[in-house]
Every structure is written in structure tokens, then in C-alpha cells.
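Read-outs: derived from the displayed coordinates by stated rules, not from any lab. Since this is a predicted model, take the numbers as computed values, not measurements. Cβ coordinates were reconstructed from backbone atoms using ideal geometry, including for glycine residues, and neighbour counts include every protein chain displayed.
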Amino acid sequence: MTHLFTPLKLREVELKNRIAVSPMCQYSSHDGFASEWHLVHLGSRAVGGAGLVMSEATGVSPEGRISIDDLGIWKDEHIAGLQKVTRFIREHNSVPGIQLAHAGRKASRSAPWNGDKVLKIEDACLPDRQGGWKMVAPGAIPFAETDPPPVALTMEGIEKVIHDFRDAAVRADKAGFLVAEIHAAHGYLIHEFLSPLCNQRTDDYGGSFENRIRLLIEVVENVRAVWPEKNPVIVRISCTDWAEGGWTLEESVALAGILKEKGVDLIDCSSGGAVPWQKIAIGPGYQVPFAEEVRKRAGILTGAVGLITTADQAESILANGQADLVSLAREFLRDPYFPLHAAVQLGADIDCPNQYLRAKWK
Ligand SMILES: Cc1cc2nc3c(=O)[nH]c(=O)nc-3n(C[C@H](O)[C@H](O)[C@H](O)COP(=O)(O)O)c2cc1C
């Protein structure tokens, strides 16, 4: 029996294996609506054998989108399109997850292939699209010096963010998702509150560790309150800012312990994204030690992500007790059938759609 193809039970939701499609922005939505691209893209990875198929960062509010082309879940009208996607994923014996996100001071961008530039409010990006919007953040500190300064969130603004996450979770459940992941990584809004490099507030939401984690804790409490008890909540964090004076692994371990008590089921361990001057020590599996540390010291299930590209590598991460789940992003873009290929390589017998059964026999 391989570790990679051993099921993982999170509350009442069983993943048939330990392979997750990591959230990946597709820049293929108009006004937040899921398109046929999402059905084919996410559906293919379910057919390819992933145990968990996560959606891209999905905006809990229009101003919370990274780009104007992001997927959204800020209105009820978004539900029907997402239902088509989740139905297909579930029909193929995989589990659909949604990453609930607010981009904070890294919002209002164009898609990478449209220049990845900050859209000014007056910009008309494409003929049928709106331009940019005012970004919100813990304070008026821009991500890059050349970016327009974001607007510091007022207490009312913070309350709106929390309610937006809660309402989005209600819609995500109606849309058929079984796993909710709160995006608290990569320099987006929640991470901006966590990191002292982005958060210089002097009120209850800034300064001490307890104050900086407050927004995330309140978001988790509100999401957990409406998310079905039987379904898991995951939080993605950046375990380090890779920058002096920034968020640390020690803080991640402490946070993970608190999140566990709040009903979070797994920590998805990523890193970086808070500041442009970060110095990342990149290499195969470079974030795996974070997942291992959080898992061992906080006693919570973890997901490893980042330059995991082979079946053997994924298998050994699990076998060595470094993580409970492995998420792949770019490898899944190259190979939607990564799990099927990994099963052949590791000698595991896995289910495969009837239409593709002939592929199992030479
Ligand atoms: C095209 C693309 C889009 C991404 N979008 C997201 C996203 O929406 N949310 C997120 O948390 N990470 C996002 N990421 C980061 C991935 O989920 C992953 O953490 C990162 O790429 C490292 O994994 P990899 O080495 O397997 O690609 C994205 C990565 C890529 C390549």
C-alpha cells in the first residue's frame, strides 16, 4: 500500500488519495462567473485522479479579486455556474474545494498575459471590462513603491471583510464544495494583517501577535459557524515572509495551534509573497520543512506544496511523516493525469473513469 494512495479523512469528507490540485488563478472569469474553462480545467484534474481539486483564489468581494478576470463568489448568481463544476468533480469521485480569498493591497491587477499591471481606477483594461478599483489593506503602504497606496481598512471595513468571508462560505456550500480553504498566504489581505512588514496598525488588529492574527481568527470563527460541521476547513498560510522583521515559522506554529482549537482541520503550508524584497531559498520541495515543523509542533494535519513534481518525491514526503497531503500546481498544468501516472509508477491500483479503463491494461 502506498502512502500517496491511502485515503485521507477530514471530518466526514474522504479524499481517495493524498494528492491535491493546488489553487491556481485562471483569469478566465467575467464579473466573477465560472466559465466553461473552469469546468474543463478543474474537471480534467478530477478525471486525472486527484483526491482534492481546489478552485483558484475566489474573490469574496469584487474588490477582493487579484484581477478583474478572477473567479468570484460574492453574489448568489455565482452559485449556479460553480454547481456545474462541483457536480462534475464529485461525479468523478473527487472532492471539490474552494479557496476563499481577498487580495488586499495586491488586488486590481490585469492577468499575467495582459501585463500583470496594477489597474488604475480610470483604466479601461479591455473594451468589455471595468478598470481597476481602490485596494484595501491594514494600512496605506503599497506592495511595490510604484503601486498606488491602498486605503487603510476602518473597523467597519474589517467587519465587512469578515462578513464577506462568511457569506461566501454559505454560497460555497450551496455551490456544492466540500472543502473550504481560507487564503491567508502570499501577501494577500489576511497575510497582510499577519505580517509586521505590512501591518503597522496601532489598534486591536495590529502590533502584538494576538492582534495581528485577530482578523484571521475572526474570519475562521465566522466561516466555521456557517460551514457544515461535517466538512473540513483548511487555512493556507505563508509559513515565513523570507524577509527580516517579517512573519516567522515560530509564529506559524503558534498560529496553527490556535487554528486547530478553532476547528481548522489542516494547514496548507506555503510561504512568501508579503514583500517584494523577500529572499526565497527555492529548490525541490523547499516548503516541505515548514509543513513538517507545523505538523510536529502544532499537532495538526498539514499540506506540503511547492516544487513537488514526482511520484517518488510525493510518496517520500508522506512516508517520512512530513505532511498529510501534497498539493501540486505547475506539475498539474503540465500533466492533468499526474495521479494516474504516479499510480502506475508506484504500483498502486486506483480507480479510473470507465471511459479510460483501457489505459490501465497494456
Ligand atoms: C498559474 C498559477 C496560479 C496560482 N494561483 C494561486 C491561487 O489562486 N491561490 C494560491 O494560494 N496560490 C496560487 N498559486 C500558487 C500555487 O498554488 C502553488 O502554491 C505554487 O505554484 C507552488 O507549487 P508548484 O511548485 O507545484 O507550482 C498559483 C500558481 C500558479 C502557477
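So, in segment 258-268, exactly how many residues are under 15 Å from residue 182 (Cβ atoms) and in a helix (DSSP H, G or I)?
3
Has segment 62-69 got at least one residue that is within 16 Å of the ligand (Cβ to nearest atom), of a type in the set (Lys, Arg), within 16 Å of the chain's Cα centre (by Cα) and surrounded by 24 or more Cβ atoms within 10 Å (Cβ to Cβ)? Yes. Annotation: of all residues in segment 292-315 being buried (at least 23 other Cβ atoms within 10 Å of the Cβ) and part of a strand (DSSP E or B), the one that is nearest to the ligand (Cβ to nearest atom) is 305. Please verify whether residue 240 is hydroxyl-bearing (Ser, Thr, Tyr) and without any contact (Cβ under 8 Å) to a residue 12 or more places away in the chain, treating the condition exactly as stated. Against the criterion (hydroxyl-bearing (Ser, Thr, Tyr) and without any contact (Cβ under 8 Å) to a residue 12 or more places away in the chain), residue 240 does not qualify. Scanning segment 316-342 for residues that are part of a helix (DSSP H, G or I), more than 13 Å from the ligand (Cβ to nearest atom) and either closer than 16 Å to residue 8 by Cβ or without any contact (Cβ under 8 Å) to a residue 60 or more places away in the chain (or both) yields 316, 318, 319, 339, 341, 342.
For the structure I just gave you, tell me whether residue 289 is surrounded by fewer than 23 Cβ atoms within 10 Å (Cβ to Cβ) and assigned to a helix (DSSP H, G or I). In short, yes.
Here residue 100 clears all of (1) closer than 14 Å to residue 188 by Cα; (2) of a type in the set (A, V, I, L, M, F, W, C); (3) not in a strand (DSSP E or B) except the condition numbered (3). Of the residues 284, 289, the single one that is within 14 Å of the ligand (Cβ to nearest atom), farther than 23 Å from residue 26 by Cβ and free of Cβ contacts under 8 Å to residues at least 40 places away in the same chain is 284. Only a single item in (1) surrounded by 21 or more Cβ atoms within 10 Å (Cβ to Cβ); (2) closer than 25 Å to residue 207 by Cβ is not met by residue 109, and it is number (2). Against the list (1) more than 16 Å from the ligand (Cβ to nearest atom); (2) surrounded by fewer than 24 Cβ atoms within 10 Å (Cβ to Cβ); (3) closer than 25 Å to residue 264 by Cβ, the condition residue 30 fails is (3).
Residue-by-condition table, conditions (1) out of contact with any His (no Cβ under 9 Å at 6 or more places or on another chain); (2) surrounded by 14 or more Cβ atoms within 10 Å (Cβ to Cβ):
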| position | (1), (2) |
| --- | --- |
| 279 | yes, no |
| 317 | no, yes |
| 340 | yes, yes |
| 354 | yes, no |
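Residue selection: residue 70 fails the criterion of being outside any helix (DSSP H, G or I) and more than 22 Å from residue 327 (Cβ to Cβ). Among residues of segment 178-211 being within 16 Å of the ligand (Cβ to nearest atom) and over 14 Å from the mean Cα position of the chain (by Cα), the one that is nearest to residue 244 (Cα to Cα) is 195. Listed by position, the helices (runs of 4 or more DSSP H) contained in segment 123-216 that have at least 2 residues being free of Cβ contacts under 8 Å to residues at least 40 places away in the same chain and over 19 Å from residue 62 (Cβ atoms) are 209-212. Residues of segment 233-272 that are farther than 19 Å from residue 308 by Cα and either surrounded by 24 or more Cβ atoms within 10 Å (Cβ to Cβ) or under 17 Å from the mean Cα position of the chain (by Cα) (or both): 233, 234, 235, 241, 247, 252, 255, 256, 259, 264, 265. What is the residue count in segment 217-257 for residues that are of a type in the set (Gly, Ala, Ser) and not in a helix (DSSP H, G or I)? Looking only at that region, the number is 4.
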